[in-house]
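The structure appears below as structure tokens.
The values are calculated or read from the model by the stated rules, or taken from the named source; none is laboratory data. Computed from a prediction, not measured in an experiment: that's the story for all the values here. Positions of Cβ are generated from backbone atoms using ideal geometry, with glycine treated the same way; all protein chains shown enter the neighbour counts. These accessible areas exclude ligands, DNA and RNA; they are computed on the full protein's heavy atoms, side chains included. Shrake-Rupley method; radii C 1.70, N 1.55, O 1.52, S 1.80 Å.
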Amino acid sequence: MQKFLARRIVLAFVTLLSVSVIIFILGRVSGDPRHIYLDDYSTQEDWDRMGEVLGLDKPYWQQYGLFVSGAVRGDFGRSVKEGRPVMDVILERAPATLLLGFVAFSISLLVGVPLGILSAVTRGAMLDRFGKMVALIGQSAPPFWLGIMLMFLFAVKLRWVPPYGREDWNSILLPAITLGWYYAAANLRLIRSAMLDVLDSEYVKLARAKGVSNTGVILKHGLRNALIPPLTFAGVTLGALVTGSLVVETVFAWPGLGRLAVDALFAFDYPLLQGVVITFTLMYVTVAVLVDVLYAYVDPRIRYA
Amino acid sequence: MAVEITGIAPSPAGRLTQLNGIYRKLRRLPIIPVVILTVVVLSGLTAPLISPHDPEKGNLQERHIPPFWYSPEYGIKTVVDRVTIDGRLTQIDLRKAKKVDPEAELGDKLEILTKPGGSARYILGSDSLGRDVLSRIIYGARISVIVAVVTLGIGGTFGVVVGLAAGWYGGWVDEVLMRLVDIKLSIPLILIALVLVITLGQSFGVILTVLAIFIWPRFARQVRGEVLQLKHSDYVALAKISGASTARIMFIHIFPGTINTLIVVATLQVGIVILLESTLSFLGAGVPPPTPAWGSMIAEGRDKLAGGIWWSSTFPGLAIMTTVVALNLLGDWLRDTLDPRLRQME
């Protein structure tokens, strides 16, 4: 168990490090950052002074060192676009993304798990087919398009919810449903197939023979074991929810980190972009490690391996 | 009394059972997905021949034309000297009215076309630059097919070679490979792809490379698993004894054993590649405009949605969804048929 966790944590660090290298190299490949900060009226002295401030007069490996040591302290420099420290901007935007991710994750569980169970129990019947449809659409429709269609139907035509932004409590509904649908589909498929396996097992047959009620068998014997595969998947899910926010926040103009990243990218605001990418990766690996811990806790086969 | 049986004419019921049998066999085949995919590939290949219009050249006078089933809408408007702001919907100025009816005079009430109807010229309507949506979808299929084939070619080949090497040699090669796969699984994919494309320059080559980078690990991991099983089989041992070289064993003896799995993985990965490419296009980091890609068509049509112009973003989205649904169904069927063990992998 300790070895397993140690491995995961080391891997998390390696991941963070490789992402930081990639993003650092890309930041330098894209050109001298001074071109963004300075305009045509700057003098050579301004140029040199800026170079010193940003550490551009040092060799690349030292520059990378500065970047990492800054990043560890939460200092990514100043955003070009916003004119204030990158960390301030990120902290301001992060809650919106976390909220969206949380609601979407809840939707994916609340829809995916019950539908998955019902699909497995009523295998081949109408309900199962309906479940299959939901899953197929969720896994095949591009989320941004799904979002646009939902927006058109519920915000433009029916006017039930606002089309974009974050004003009322109900503005979160469409983005969260869009984001959650894919993972609801994934959960549904996983639960369904795990449930089918479990319901076919010997101990479930024994439980039935003992006279345990149908609901009892399904919820107690079935679901508890069928939850393990989706849980393994939850790490990927939660992490990917963070990235999914990139697309969904762009569609619905949701003021979170995803949209911030896209805006920073197209404004060539590199300090901000680096900050957001590192933040995203950090969220990603943290969630992955947490889920692994939880997973090991739930599944004894991993705990004692 | 002799009973003559010279041959039994098939009773109608018997023939029905026969037909039923054929129907059942056919039902198990993935006919609909294959038909859909054939249509997509064929329209991609023959795009210049079958598309009714130039996908990149628009006619600004024919913007926002709805799909063919829309009938035109007329409204009664009063001819006035100058249209007031509030009266936009009920009034028309004399000069324009003369075009409709040369004898129009001030104060007349005329029946004026308020919304154009659909026509056979633009079956799926036209977009905000007056380009034919259907033609753009057909050309978009071309982009998707090229993207799928090339990324699968590059990424798949690389993944297979790495997987073969890792499975065969084991040890540190294996360790490094599997950690690479782990890292790939734990970084925010789309974000990194987006940054790569924008920073390295938005060209077709860069996009294809980035997509290939993202699909090879799946192939590598799958092939590695297969190799681990196959390398201990008897026929491999015999090949070794008879003096076959490592390269020969890997490519002639082991590789064919992984093909079933590869077909399944490839089919499912194509769907992922198409979705990824359309996402990049949608976010503005895809094939540069005006080349029509499904994702960027959706992005372009998005702004007009509030004005009720739904067709220019709905149809490309349907195209993506139908294609990916077909790929997923075909992939599932192939998996169940060729390699049931993969079922648990999901």
**Prompt:** So, in region B:101-119, of the ones that are touching a residue at least 40 places away in the same chain (Cβ under 8 Å) and over 20 Å from residue B:319 (Cβ atoms), which residue ends up most open to solvent (accessible area, probe 1.4 Å)?
**Reply:** B:115
**Of residues in region B:22-57 being part of a loop (DSSP other than H, G, I, E, B) and open to solvent by 40 Å² or more (accessible area, probe 1.4 Å), the one farthest from residue B:120 (Cα to Cα)** = B:29
**Prompt:** Mind checking which pairs have a first residue in region A:260-276 that is in a helix (DSSP H, G or I) and a second that is open to solvent by 10 Å² or more (accessible area, probe 1.4 Å), Cβ under 6 Å, 6 or more apart or different chains?
**Reply:** A:260/A:93; A:262/A:250; A:265/B:198; A:270/A:33; A:271/A:76; A:271/A:77; A:274/A:76; A:275/A:76
**Request:** Any residue in region A:66-83 that's in contact (Cβ under 8 Å) with a residue 24 or more places away in the chain: show its pairings with residues that are surrounded by fewer than 20 Cβ atoms within 10 Å (Cβ to Cβ) and assigned to a loop (DSSP other than H, G, I, E, B) at Cβ separation under 8 Å, as long as the two are six or more apart or on different chains.
**Result:** A:78/A:84; A:80/A:267; A:80/A:268; A:81/A:267
**Request:** Check region B:166-189 and report whether any residue there is assigned to a helix (DSSP H, G or I), at pLDDT 85 or above and surrounded by fewer than 19 Cβ atoms within 10 Å (Cβ to Cβ).
**Result:** yes
**All positions within region B:219-258 that are open to solvent by 30 Å² or more (accessible area, probe 1.4 Å) and either touching a Phe, Trp or Tyr at 6+ places or on another chain (Cβ under 8 Å) or closer than 30 Å to residue A:266 by Cβ (or both)** = B:231, B:246, B:253
**Request:** Could you identify the single residue in A:204, A:242 that is surrounded by 20 or more Cβ atoms within 10 Å (Cβ to Cβ) and either within 30 Å of residue B:181 (Cβ to Cβ) or not aromatic (Phe, Trp, Tyr) (or both)?
**Result:** A:242
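Rundown of residues vs (1) among the charged types (D, E, K, R); (2) under 15 Å from residue A:245 (Cβ atoms), yes/no style:
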position: A:159; (1), (2): yes, no
position: A:172; (1), (2): no, yes
position: A:176; (1), (2): no, yes
position: A:181; (1), (2): no, yes
position: A:188; (1), (2): no, no
position: A:200; (1), (2): yes, no
position: A:204; (1), (2): no, no
**Request:** Taking residue B:306 as the residue in question, decide whether it is surrounded by 20 or more Cβ atoms within 10 Å (Cβ to Cβ) and of a type in the set (A, V, I, L, M).
**Result:** no
**Prompt:** So which residues in region B:182-195 are in contact (Cβ under 8 Å) with a residue 40 or more places away in the chain and over 26 Å from the mean Cα position of the chain (by Cα), if there are any at all?
**Reply:** none
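Within the group B:218, B:136, B:142, which residue is under 24 Å from residue A:10 (Cα atoms) and part of a helix (DSSP H, G or I)? It would help to see each step written out before you state the result.
Numbers: B:136 fails: under 24 Å from residue A:10 (Cα atoms); B:142 fails: under 24 Å from residue A:10 (Cα atoms).
Sole residue among the options that is under 24 Å from residue A:10 (Cα atoms) and part of a helix (DSSP H, G or I): B:218.
Name the one entry in B:283, B:318 that is surrounded by fewer than 17 Cβ atoms within 10 Å (Cβ to Cβ) and within 12 Å of chain A (Cβ to nearest Cβ).
Working: B:283 fails: surrounded by fewer than 17 Cβ atoms within 10 Å (Cβ to Cβ).
The match here is B:318.
Scan A:74, A:70, A:83 and give me the residue that is outside any helix (DSSP H, G or I) and surrounded by 14 or more Cβ atoms within 10 Å (Cβ to Cβ). Walk me through it before giving the result.
Details: A:70 fails: outside any helix (DSSP H, G or I); A:83 fails: surrounded by 14 or more Cβ atoms within 10 Å (Cβ to Cβ).
Selected residue: A:74, the only one of A:74, A:70, A:83 that is outside any helix (DSSP H, G or I) and surrounded by 14 or more Cβ atoms within 10 Å (Cβ to Cβ).
Residue-wise test of (1) of a type in the set (Ser, Thr, Tyr); (2) under 16 Å from the mean Cα position of the chain (by Cα).
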| site | (1), (2) |
| --- | --- |
| B:265 | no, no |
| B:305 | no, no |
| B:315 | no, yes |
| B:337 | yes, no |
**Message:** Would you confirm whether or not region A:39-46 contains a residue that is in a helix (DSSP H, G or I), closer than 27 Å to residue B:213 by Cβ, more than 10 Å from chain B (Cβ to nearest Cβ) and open to solvent by 70 Å² or more (accessible area, probe 1.4 Å)?
**Reply:** no
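Can you name every residue in region B:38-67 that is of a type in the set (Asp, Glu) and within 11 Å of residue B:134 (Cα to Cα)? Steps first, answer last, please.
Initial filter on region B:38-67 (of a type in the set (Asp, Glu)): B:54, B:56, B:62.
The one that is of a type in the set (Asp, Glu) and within 11 Å of residue B:134 (Cα to Cα): B:54.
Residues are listed down the side, and each one gets a yes or a no for (1) within 14 Å of chain B (Cβ to nearest Cβ); (2) surrounded by fewer than 16 Cβ atoms within 10 Å (Cβ to Cβ); (3) at pLDDT below 85:
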site	(1), (2), (3)
A:135	yes, no, no
A:141	yes, no, no
A:148	yes, no, no
A:159	yes, yes, yes
A:170	no, yes, yes
**Request:** Filter region B:185-222 for residues that are touching a helix residue (DSSP H, G or I) at 6+ places or on another chain (Cβ under 7 Å) and among the small types (Gly, Ala, Ser) and give the result.
**Result:** B:186, B:193, B:212, B:220
